[in-house]
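Q: Right, I'll just put the structure down here and ask away after.
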Amino acid sequence: MDWTDDGIVLSARRHGESSAIVHLLTAAHGRHAGLVRGGSGKRARGIYQPGNQVRAVWRARLSEHLGSYTCELATSRAAALLNEPARLAALSAACSMAELALPEREAHVPVYLGFIALLDALEEDTWPEVYVRWELGLLTELGYGLELDKCAATGRNDQLAWVSPKSGRAVSLSAGEPYRDRMLALPAFLTDGTEAGPGEIAAGLKLTGHFLNDHLFRPFGREMPAARQRLADRFANLSTGKTGFGATTA
């Protein structure tokens, strides 16, 4: 059994003295693990950094076996972000989310392509909005997409301001006002494409985080990945003016 595919490194964990168990998000084979002999060594360590893009060959005697990887580095992403703490936090969050949320060995091409778009966006100032949209795409691909294009109560698409925490449907400002304490805020950049500040990004992460927890984590006794929680905390603190967390574009 063998295949060759493009992949994004999600994690590499030491196995034995010098090997590593590497999880990739691949284009055609989904989230897939494999053993890399020598993967923890100095020569290979730079290849298997989370976020790096690789060309991977996977081999095993039987399809259900762990199998082994041989990878060539295609694009180094992690090294370019070492001095960019906010962007590196987003990369770590996306890798941990993909590893925990996606079922193993099940292709999800839109999530993979969205991840590539996010990696490209990390070089731009709009990366926070792209990250939130990637999580929305993750929910959609796994069958829990939100309906943000019109009001659930009126059917109109003007003044959308809230999202029902139960149905995942948008609600207009007037229709949702009596229930605002129970609603999730719908940041404007998700409906009209306006530029988002830290407060809007924090609201977007709270919105996606609610449904990710409700559908993908809590029912299975799992918690939100720590890397993703740190990213949400970063923007929550920035939105309230707390210092010491760096600029969002840093």
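The values are calculated or read from the model by the stated rules, or taken from the named source; none is laboratory data. Since the model is a prediction, treat every value here as computed from it, not as a measurement. Neighbour counts run over all protein chains shown; Cβ positions are idealised from the backbone, glycine included.
Q: Restricting to region 146-190, count the residues that are surrounded by 16 or more Cβ atoms within 10 Å (Cβ to Cβ), of a type in the set (A, V, I, L, M) and outside any loop (DSSP other than H, G, I, E, B).
A: 9
Q: Taking the condition surrounded by 15 or more Cβ atoms within 10 Å (Cβ to Cβ) and either in the same structural domain as residue 121 (by TED's automatic domain parsing) or closer than 26 Å to residue 235 by Cα (or both), does residue 11 pass?
A: The answer is yes for residue 11.
Q: Give me a count of the residues in region 26-68 that are touching a Cys at 6+ places or on another chain (Cβ under 8 Å) and surrounded by 18 or more Cβ atoms within 10 Å (Cβ to Cβ).
A: Looking only at that region, the number is 7.
Q: Within region 172-191, how many residues are under 15 Å from residue 207 (Cβ atoms) and not β-branched (Val, Ile, Thr)?
A: The qualifying residues number 11.
Q: Only one of 225, 178, 187 is more than 20 Å from the chain's Cα centre (by Cα) and either modelled with pLDDT of 95 or more or outside the structural domain of residue 92 (by TED's automatic domain parsing) (or both). Can you tell me which?
A: It is 178.
Q: Just a yes or no: is a residue in region 69-91 farther than 28 Å from residue 129 by Cα and buried (at least 19 other Cβ atoms within 10 Å of the Cβ)?
A: Taking every residue of region 69-91 in turn, at least one turns out to be farther than 28 Å from residue 129 by Cα and buried (at least 19 other Cβ atoms within 10 Å of the Cβ).
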